[in-house]
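A short reminder: the numbers here are calculations on the coordinates, not readings from a lab. Here the structure is a predicted model, which is why all the values come from computation and not from measurement. No Cβ is skipped: glycine too gets one built from the backbone with ideal geometry, and neighbour counts run over all protein chains shown.
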Amino acid sequence: MPDEDAALARAALLIAAIRAEGQVTAPRDSAATWQAAEAAARAGRALLELRVAGATQPTLRLGWPAGNAPSEEHLGAEVPASLSRVVTLVWALCLKAAWPDPSLPLYPGQPFTAARVEAACTRLGAHRETVSAALERVLPEHGLIAASGRLLYLGPAAAALPGPVVAMLRRGHHRLPDVPASPQPEPVPDVRVPPPLDLTEPEHPADLRGDQIARSIVTALEAARRPLTPRCVAALADPETRMRVEQMLAGLGRCLVRTSNGMWTTGYPDPVAEALASAGIGTLTRTERAVLALVLVHTVALPRAQGRHAHPEWNITRHTVTVNELARNRSLTQTAIRQALRSLRSAGMVDTEGPGNYIPGPALQRLSPARVAALWEDLILAGRPGGHLARAIAERRAASQTTTSPQKAV
């Protein structure tokens, strides 16, 4: 049934794009959306349709059903922990302004003005330029807030927060900083943001126990920031369970990955990764790619060339690099490097080993062997573009016309 297989492949690619970008505009083909919703439900995910403030088309985002949300030890991947302190403060104030009553649903909340948040931040001693950058760029990029006219609203990422996260926010609501009332009348909202629409059907009561176990494994692997030990996902030792997990992941445009040290994680299959990269979905900016390459050169490539690093895993290294060392590349300013490092750390592409010491991140362990080989080739091309090996790589790539752009969301 080639037509059915093609429909499933389109649905898987749509879900993969949502995961890579955070959210995407709903396609005009509603059949593809419903097919994706069914695949998401089979794997224990929810597909949410949101009407975001300022957007003309509905937005799709992945969420977690009430009975399948990640456990607390895995929530680090869902919370934007990489936000700086000031940006986290701004987000807390936005949350309090939009959600003054914790007994009500968090989303969609109520509209608020940037002036109220800026006034509260100034009172708390935050730098005004950093606050403005958070409201205008950082928080909207994370999908945590959205703007329409002069008003701000909670964004699609807030709508998709797992139930345990919302419960924690509700319990700690009294600790959120207060936002003063505006001395002037608030603008009248020009849009009405409806609650999110869950397109996935509730779990069937007669569902097989094996499917429930497989869904819990998919949830753990997809939510965990780092690969899990075999002990954490012991059921993967059973071939039937592993097959079910692989089938569920395939419906999400994902695959099961076994790391070189025997741990488990998930990643994109090479065809999906290439399709996303070709469409510019989830890819790194030019500056982010340059900074990632510098981190890999300093922490892995140079130590390996000097015989000081022999482990096959990218992020298992004793060698770190600082911003000052990265800034020796005069074509990048420290400000640009720091911004790129924040973005790369949010994506798991880099990590820290002590304050200010950067190493490759756990997301690199989600790459397939072919993508890892391509990344090594990228380092060769960057390090010695005129060398014989670099020319051979360039000629082979030109002949095969393959895309090897590293992806931000893996």
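Please report, in debye to the nearest 20, how large the charge dipole of the stretch 74-186 is about its Cα centre when each Lys and Arg carries +1 at its beta carbon and each Asp and Glu carries -1 there.
On the way: 10 positive and 8 negative charges, 47 e Å.
Computed about the Cα centre, the dipole is about 220 debye.
Work out the FRET efficiency for A115 and R330 from their Cβ-Cβ distance, taking R0 = 30 Å, and round it to the nearest 0.05.
Values: r = 40 Å, r/R0 = 1.33.
Rounded to the nearest 0.05, the efficiency is 0.15.
Skipping prolines and chain starts, which residues have an amide H placed within reach, meaning under 5 Å, of the one on T266, given they are 5 or more residues away or on another chain?
Long-range HN contacts for T266: V257.
Relative contact order (percent) for the stretch 250-351, with alpha-carbon contacts under 8 angstrom and 6 or more residues of separation? Before the final figure, lay out the partial values.
Numbers: 72 pairs, mean separation 21.6, N = 102.
Computed value for the stretch 250-351: 21 percent relative contact order.
How large is ³J(HN,Hα) for each residue in the stretch 211-219, as worked out from phi by the Karplus curve 6.51 cos²θ - 1.76 cosθ + 1.60 (θ = phi - 60°), to whole Hz, x for Gly and Pro?
5, 5, 5, 4, 5, 5, 5, 4, 4
At what distance in nm do the modelled label points of A279 and S132 sit from each other, each positioned 7 Å from its Cα along Cα→Cβ?
3.7 nm
Measuring from a point 7 Å past the Cα of S260 along Cα-to-C-beta, which residues in the stretch 314-344 have an amide N at less than 15 Å?
Inside the label zone: 314-319.
Amide H of E353 versus every other amide H placed in the peptide plane: which residues, excluding those fewer than 5 positions away on the same chain, fall under 5 Å?
Those qualifying (amide H under 5 Å, at least 5 residues apart or on another chain) are Y358, I359.
Check which residues have an amide H placed less than 5 Å from L151's amide H, if you skip close sequence neighbours.
Hits under the 5 Å cutoff: none.
Computed from the coordinates I sent, Cα Rg over 2.2 N^0.38 Å equals one of [x] 1.03; [y] 1.08; [z] 1.53. Tell me the label.
Structure-derived value, by its label: [x].
Report the label-to-label distance for R304 and R28 in nanometres (one decimal), using points 7 Å from each Cα along the Cα→Cβ vector.
For the pair R304/R28, the computed spacing is 4.6 nm.
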